[in-house]
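All of the numbers you see were taken from the coordinates with simple rules; none came from a lab. From a predicted model like this one, the values you see are computed outputs, not experimental measurements. Every residue, glycine among them, receives a Cβ derived from its backbone with ideal geometry; neighbour counts consider all protein chains shown.
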Amino acid sequence: MNAVRAAVLLAAAMLLQWWWSAHLAYWGAAPQFLFALTILIAARRGPVPAMLIGWMWGLYADVLRADLFGADALLYMLAGYVAGQFRSQVDLEATGPLAAAVFLLSWVYFLLRGALGSIFAKSFLWAGWIPALATPLLNAVAAAVAAELWDTRRAR
């Protein structure tokens, strides 16, 4: 039953990411649900499951945006590892610290993605000011909502 629930979560998150990015993104700003959920899984389950799921979701995000294939898979996996390591020093079970970690890791994601573009695409891949300022905030809100839903589900 756990494997079925995990498969449904994976598919639902991927569908939500595609739908929101295609229909509700304004000026390029949309929450990266898959990135936020990778960090949430790292906070709740540890770095290894988060790295595996982050890699799968990152490949999916790479397919959605084909400008630098493999960058999202690498960065989502790295975010899962870092957040999984943070959980031993920071209480990521609480919503506030989790949202702050997602916010900071989203900024790091934008900078590292740009740096990877400098290395492999010969230009810094800058998303623009509006996505760079709004997306980390949207990611933090998405992680906080997902954490509340996760904890409510677990409390039952």
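Starting from one equal scatterer on each C-alpha and no solvent at all, send me the Debye-based log10 I(q)/I(0) for region 82-145 at q = 0.15, 0.16, 0.18, 0.19 Å⁻¹, two decimals. Computed log10 I(q)/I(0) values: -0.53, -0.58, -0.69, -0.74.
About its Cα centre, the dipole of region 2-155 is roughly 180 debye, where the only charges are +1 on Lys and Arg Cβ and -1 on Asp and Glu Cβ. For Ile119 and Val48, the FRET efficiency from 1/(1 + (r/R0)^6), where r spans their Cβ atoms and R0 equals 41 Å, is about 0.90. Annotation for region 1-75: trypsin sites (Lys or Arg not before Pro) lying in DSSP loop with at most 16 further Cβ atoms inside 10 Å of their Cβ are Arg65.
Taking each DSSP H run with n ≥ 4 as -39500 (n - 2.57) and averaging over every residue of the chain yields -27000 deg cm²/dmol at 222 nm. Among the chymotrypsin sites (Phe, Trp or Tyr not before Pro) found in region 13-98, those both in a DSSP coil and sparsely packed, with 10 or fewer other Cβ atoms within 10 Å of their Cβ, are Trp27. Once you divide the Cα radius of gyration of region 16-94 by 2.2 N^0.38 Å, the number left is 1.12.
The slack between Leu64 and Arg153, meaning 0.36 nm per residue of separation minus the straight C-alpha distance, is 29.1 nm.
Tell me which DSSP H helices of the chain clear both cut-offs, 20 Å or more of axial length from alpha-carbon atoms and a mean Kyte-Doolittle hydropathy of at least 0.0.
Taking the DSSP H segments of the chain (at least 20 Å long, mean hydropathy at least 0.0), we get 2-23, 47-64, 71-86, 95-120, 129-155.
If you look at the Cα atoms of the chain, you get an Rg and a Dmax of 14.8, 51 Å.
Peptide packing for 120-133, 102-115 was compared via the average number of neighbouring C-beta atoms within 10 Å per residue; ordered from the highest value, the list is 102-115, 120-133.
Once you reduce region 7-53 and region 114-134 to the center of their Cα atoms, the two points are 20 Å from each other.
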